[in-house]
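Throughout, read-outs are computed from the coordinates displayed, never taken from laboratory work. Only a predicted model underlies this, so the values are computations on that prediction, with no experimental measurement involved.
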Amino acid sequence: MRWSGTLLIMLRSRYVFSVVTLAIAVGGAVWLCAPRLSTAPVRSPPSAGGPATEPTVTVGDPAADGLARAGAGPATRRMRVGTVILTVEVAETPAARRRGLMDRTSLPSGTGMLFVFGRESTDGFYMYRTLIPLSIVFSRYGRVVTIQEMTPCGEENPNSCEVYRTEAAYTEAVEAPGGTFSNAGIHPGDMIEFF
C-alpha cells in the first residue's frame, strides 16, 4: 500500500505540473499572437437607429480630420498595409462593426476602417447600404491573405447582397476607398504594421 500511495502522489504531481505547464504555454502563446482588440463577427444587418453619441477621432492628422468629416468612430490608428499608409477608424463596438462604412457618401484617400478579431474568422463582408466602392484586405496575424474590390449593393434586402469572403482564415480586415490596395500592388504575404 505504501508504494502505491507514493506512486499515486508522484503521478498526481506530474499530472498537475503538466497541466499547469500546458496552461502557461498556451496562455503565453495566445497573449503573444492574439490581437489586442477584440471584436465580434462583422457586418451583420444594422439595428434601427444609430449611435446615440457624436463620434470623436484623433485630431491634428489631416487623414483623421477627413474621417471626422465622414463620420468616424471613437478611435483611429495609423497603419501600413504593404506600401500603403492609412489612418483607419477602429470598429471597436458591436454597433460600429455592424455599421461599418454604411451610408457614407465619401471616404477620403488615405483613410479606412479596421476590423480586428480575437480569433481566426472566415465570416464574409457585404456592401449592404454601402454607397461607395471599397477595397478590402483580409490578413492573418499581420500578413495579407487576400485583397478584394467590393462594389456597392443597392438592394433593399441585405440577403440579396454579394458576400465577399476569403478562402483562408483571417484575424483582421481593412477597408479603404475602392482601388486603394489593388492599385498599390498589395499582394498576399505583405505585412501590416501599426505605428
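Using just the alpha carbons, could you tell me how many Å³ per residue the convex hull of segment 103-195 encloses?
Working: hull volume 9.4 nm³, N = 93.
Given the Cα convex hull of segment 103-195, per-residue volume reads 101 Å³.
Based on the alpha-carbon gyration tensor of segment 77-126, what equivalent-ellipsoid semi-axes (square roots of 5 times the eigenvalues) come out, in whole Å, largest first?
Numbers: eigenvalues 70, 50, 21 Å².
Output for segment 77-126: semi-axes of 19, 16, 10 Å.
Using Cα pairs under 8 angstrom and six or more residues apart, how large is the relative contact order of segment 77-195, in percent?
Numbers: 272 pairs, mean separation 40.0, N = 119.
Relative contact order of segment 77-195: 34 percent.
For segment 62-194, what proportion of DSSP beta bridges, expressed in % and rounded to the nearest 5, is antiparallel?
Antiparallel bridges: around 85 percent, rounded to the nearest 5.
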